[in-house]
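> Handing you a structure now.
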Amino acid sequence: MVTWDQELQHLKEKGLYRQLNSVEMMEDQGYAMVNGQKMLMFSSNNYLGLARDKRLIQASIEAVQRLGAGSTGSRLTTGNSLLHEELEKKLAKFKQTEAAVVFNTGYMANIAALTTLAGKDDVILSDEMNHASIIDGCRLSRAQTTIYRHADLRDLELKLQQTARYQKRLIVTDGVFSMDGDIAPLPGIVELAERYNAVVMVDDAHATGVLGKNGRGTVEHFGLKGRVEIQMGTLSKAVGAEGAYIAGSRSLIDYLVNQARPFIFSTSLPPGVMASALTAIEIIPAERERRFRLSGLSQRLYKELTSLGYTVWGGETPILAIICGEPKEALMLADALRENGIFAPAIRPPTVPDRTSRIRLTVMATHQDDQIHHVIDVFKKMAPALKRG
Ligand SMILES: *Cc1c(COP(=O)(O)O)cnc(C)c1O
């Protein structure tokens, strides 16, 4: 029998062994203690800076004091507080849908939706760059899964034509792709779905709070209100708390509450988390300046790095991928960033395709101008070394 140590050795030999960093966000926005060292944080999903917002923290403290540390049960038993119901009402209003339901994590929300809404007589059409939780949801659903080329509407149409025999066809896509920072071609996807009688599900993990004038996500960004049946999003990224939601019609949500196993068989999120999410959902549409700032900084970084000769993907979102090619180039750049106090990891295959090893930067609305300049300076210094390869 192979031991765990031998398995770990294999991982190490393949360069796939990973270790945890201990990270503590600091009150001084933009900074974190990483393994005991103060670093400029350029890889957090805390896009709007809300995870350290005093109002979220205060709401959480008050809820914990009033209602306790844990929720004590699943939603259908003893774990359904007024806070859960209020958050769901507010989420539905925010997403401009009839209803919404909260899940403990985005991972669970995707597993819940895909396993409940697609079964063995159905087919799921999934973008090849979709998040791992969608891939796992497809596997667990027992539906046929057909992968279409990334953001490729012609390939999606071809695959819709080839799958007419299935009872139900569900197209699922990330709204914002986490590794490339690009936005799904949702208007085209919705048109195809309408033409071929398919259902659309969008995962707005990285778009909630970030895209659209009010931060409602990709549907608002593209003006597609009422045309995307299933909208998933997280409360753990820009929202600054924890958990996730699915928003849609009253009957969709009611069906999920009745049938989704990750909803039924898991203890609900605790009051403190619900209270901070609730506060954030009020702040997000009200404080548009956070989104202006975020997109301004992202675009500036995109322009500056491009003009230094780097190949940069993304930029329309706070996710920027600086493509280096081979893993060693990405590692060299990551080392230089770290030595200069910037935390932004190298991403290599198999997480991303061969020859697209990269540095993945994420911007926060709370980054200061001089912090952005510092990043640009390091890339400027490194540009000649990278060109020599
Ligand atoms: C982060 C993420 C998830 C999972 O959300 P969690 O709340 O972290 O479990 C799902 N989908 C996408 C696209 C994500 O980026």
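The values are calculated or read from the model by the stated rules, or taken from the named source; none is laboratory data. Keep in mind the model is a prediction, meaning the values are calculated, not measured. Because the Cβ atoms are built from the backbone with ideal geometry, glycine has one as well, and the counts that use them run over all protein chains shown. We work out accessible area using only protein heavy atoms, side chains counted, and drop any ligands, DNA or RNA first. Shrake-Rupley method; radii C 1.70, N 1.55, O 1.52, S 1.80 Å.
> Could you check, for the stretch 257-271, whether at least one of its residues is at pLDDT 95 or above, within 21 Å of the chain's Cα centre (by Cα) and within 22 Å of residue 48 (Cβ to Cβ)?
yes
> May I ask you to list the residues in the stretch 25-38 that are over 18 Å from residue 362 (Cβ atoms) and open to solvent by 80 Å² or more (accessible area, probe 1.4 Å)?
Within the stretch 25-38, 27, 35, 37, 38 qualify.
> Inside the stretch 126-167, can you point out the residues that are assigned to a strand (DSSP E or B), open to solvent by less than 30 Å² (accessible area, probe 1.4 Å) and without any contact (Cβ under 8 Å) to a residue 24 or more places away in the chain?
Within the stretch 126-167, 146, 148 qualify.
> Can you pull out every residue in the stretch 285-318 that is outside any helix (DSSP H, G or I), open to solvent by less than 50 Å² (accessible area, probe 1.4 Å) and more than 20 Å from residue 373 (Cβ to Cβ)?
Scanning the stretch 285-318 gives 287, 317.
> Against the definition (modelled with pLDDT of 95 or more and not small (Gly, Ala, Ser)), how does residue 363 come out, yes or no?
Considered against the rule, which asks whether it is modelled with pLDDT of 95 or more and not small (Gly, Ala, Ser), residue 363 comes out as yes.
> In addition: Looking at the structure I just gave you, is residue 200 in a loop (DSSP other than H, G, I, E, B) and either within 30 Å of residue 350 (Cβ to Cβ) or within 16 Å of the ligand (Cβ to nearest atom) (or both)?
Spelling it out, it is not the case that residue 200 is in a loop (DSSP other than H, G, I, E, B) and either within 30 Å of residue 350 (Cβ to Cβ) or within 16 Å of the ligand (Cβ to nearest atom) (or both).
> Still on this model: Check the stretch 80-88 and report whether any residue there is within 16 Å of the ligand (Cβ to nearest atom) and open to solvent by less than 50 Å² (accessible area, probe 1.4 Å).
Checked the stretch 80-88: at least one residue is within 16 Å of the ligand (Cβ to nearest atom) and open to solvent by less than 50 Å² (accessible area, probe 1.4 Å).
> Look through the stretch 168-183, keep the residues that are assigned to a strand (DSSP E or B) and within 14 Å of the ligand (Cβ to nearest atom), and return whichever of them is most open to solvent (accessible area, probe 1.4 Å).
My answer is 183.
> Can residue 339 be described as at pLDDT 95 or above, among the acidic types (Asp, Glu) and within 18 Å of residue 378 (Cβ to Cβ)?
For residue 339, the condition - at pLDDT 95 or above, among the acidic types (Asp, Glu) and within 18 Å of residue 378 (Cβ to Cβ) - is met.
> Same structure again: For the stretch 51-75: of the residues being in contact (Cβ under 8 Å) with a residue 12 or more places away in the chain and out of contact with any helix residue (DSSP H, G or I) (no Cβ under 9 Å at 6 or more places or on another chain), which is least open to solvent (accessible area, probe 1.4 Å)?
73
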